[in-house]
Amino acid sequence: MSSSAPEHLDSAGPRGGPTERPVAGREISGRLPWMLVVPAVLGLAFLVLPLAGLVVRAPWSTLLERLAEPHVLEALRLSLVTATIATAMCLLLGVPLAWLLARVDFPGRRLVRALVTVPLVLPPVVGGVALLLVLGRRGLVGQWLEASFGITLPFTTAGVIVAEAFVAMPFLVISVEGALRGADQRFEEAAATLGASRWTVFRRVTLPMVMPGVVAGAVLCWARALGEFGATITFAGNFPGTTRTMPLAVYLALETEPEAAIVLSLVLLAVSVVILASLRDRWVSAP
């Protein structure tokens, strides 16, 4: 072996051939960086221990009995119905909005995108106050709805749906817009070249291509609507059978019957786990 051999090779291997020396980078990568591991473990414990405490303190012996109580079933039914209708509303309005943001270059598009995502960071209670100012009986639009059509949204089941859709729609819009931006537009251009109308191209080509993004966004939207609390209690109130959803029932039970609050919380936790498990390949997949 001449001196031009790579530095990480020895010329005196066990059979006369070159042997590989340990490379400094490999040694570093094989060590555990304790300066990162320790805070990482603490962060994991900070997130997991409260959930573990919920599971440990749950009244497992009476769990089924408590789940079968009328007020629990009533809150669960109302939550499932309103979250589903709110998701359908988000699909009807959010998919076209996502298409507009992804495919149409118009003045102020960045501002519109920022406004669409505001409910993600806006405190839910503030969202409820904003809905009251617009859709309340004396609101900018609400007084017209009541005077013209006799429609009153605050403190009704319809108000719950509106509040849930308001806080959940950004999840759908962001997911669908990302899918649209990642889709190959050559298929749409080919369909248009063959004479398909814009609606046909969207329905037959675009929508099937971005369907995984639509489904993922709809699932996240539904989960967010199911767990909404602040905007709901501010805009729709807390009336049994009408506006008292699962999160509101948890809050109320925590003051009078903590074990019932734990049971209701377990239901919402189970739904969250199922949602994350179903979306693991899209959102939390490992490289």
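The values are calculated or read from the model by the stated rules, or taken from the named source; none is laboratory data. In this text, all values refer to a predicted model and were calculated from it rather than measured experimentally. Cβ sites come from the backbone with ideal geometry, for glycine too, and all protein chains shown count toward neighbours. Quick note on the areas: whole protein, heavy atoms, side chains included, nothing else; ligands and nucleic acids left out. Shrake-Rupley method; radii C 1.70, N 1.55, O 1.52, S 1.80 Å.
Every residue, every condition in (1) among the basic types (Lys, Arg); (2) in contact with a strand residue (DSSP E or B) (Cβ under 8 Å, 6 or more places away or on another chain); (3) at pLDDT below 80, yes or no:
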{"position": "SER4", "(1), (2), (3)": "no, no, yes"}
{"position": "ALA12", "(1), (2), (3)": "no, yes, yes"}
{"position": "GLY17", "(1), (2), (3)": "no, no, yes"}
{"position": "GLU20", "(1), (2), (3)": "no, yes, yes"}
{"position": "ARG26", "(1), (2), (3)": "yes, no, yes"}
{"position": "VAL38", "(1), (2), (3)": "no, no, no"}
{"position": "LEU76", "(1), (2), (3)": "no, no, no"}
{"position": "LEU101", "(1), (2), (3)": "no, no, no"}
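Which fully enclosed helices (runs of 4 or more DSSP H) of the range 106-195 have 2 or more residues being of a type in the set (Asp, Glu) and touching a helix residue (DSSP H, G or I) at 6+ places or on another chain (Cβ under 8 Å)?
The helices (runs of 4 or more DSSP H) meeting that bar are 157-182.
Considering only residues that are polar (S, T, N, Q) and in contact with a helix residue (DSSP H, G or I) (Cβ under 8 Å, 6 or more places away or on another chain), look in the range 38-84 and name the one that is surrounded by the fewest Cβ atoms within 10 Å (Cβ to Cβ).
It comes out as THR62.
For the range 85-112, how many residues meet the condition of being open to solvent by 30 Å² or more (accessible area, probe 1.4 Å) and either touching a residue at least 40 places away in the same chain (Cβ under 8 Å) or within 14 Å of ALA168 (Cα to Cα) (or both)?
Number of matching residues: 9.
In the range 219-232, which residues are open to solvent by 10 Å² or more (accessible area, probe 1.4 Å) and part of a loop (DSSP other than H, G, I, E, B)?
Those that are open to solvent by 10 Å² or more (accessible area, probe 1.4 Å) and part of a loop (DSSP other than H, G, I, E, B): GLY227, PHE229.
Here are LEU120, LEU115, LEU135: which of them is in contact (Cβ under 8 Å) with a residue 40 or more places away in the chain and within 16 Å of ALA98 (Cβ to Cβ)?
Result: LEU120 is the single residue among LEU120, LEU115, LEU135 that is in contact (Cβ under 8 Å) with a residue 40 or more places away in the chain and within 16 Å of ALA98 (Cβ to Cβ).
In the range 233-256, which residues are surrounded by fewer than 14 Cβ atoms within 10 Å (Cβ to Cβ) and at negative phi? Outline the logic, then answer.
As a first pass, look at the range 233-256 and keep what is surrounded by fewer than 14 Cβ atoms within 10 Å (Cβ to Cβ): 239, 241, 255-256.
Listed by number, the residues that qualify are PHE239, GLU255, THR256.
Those residues that are surrounded by fewer than 15 Cβ atoms within 10 Å (Cβ to Cβ) and within 30 Å of ASN238 (Cα to Cα), I need them from the range 159-207; list them, please.
None; the set is empty.
Based on what the data block shows, is PRO258 touching a Phe, Trp or Tyr at 6+ places or on another chain (Cβ under 6 Å) and either within 30 Å of VAL56 (Cβ to Cβ) or hydroxyl-bearing (Ser, Thr, Tyr) (or both)?
The answer is no for PRO258.
Among VAL210, VAL214, which is hydrophobic (A, V, I, L, M, F, W, C), without any contact (Cβ under 8 Å) to a residue 60 or more places away in the chain and open to solvent by less than 20 Å² (accessible area, probe 1.4 Å)?
Answer to the check: VAL210.
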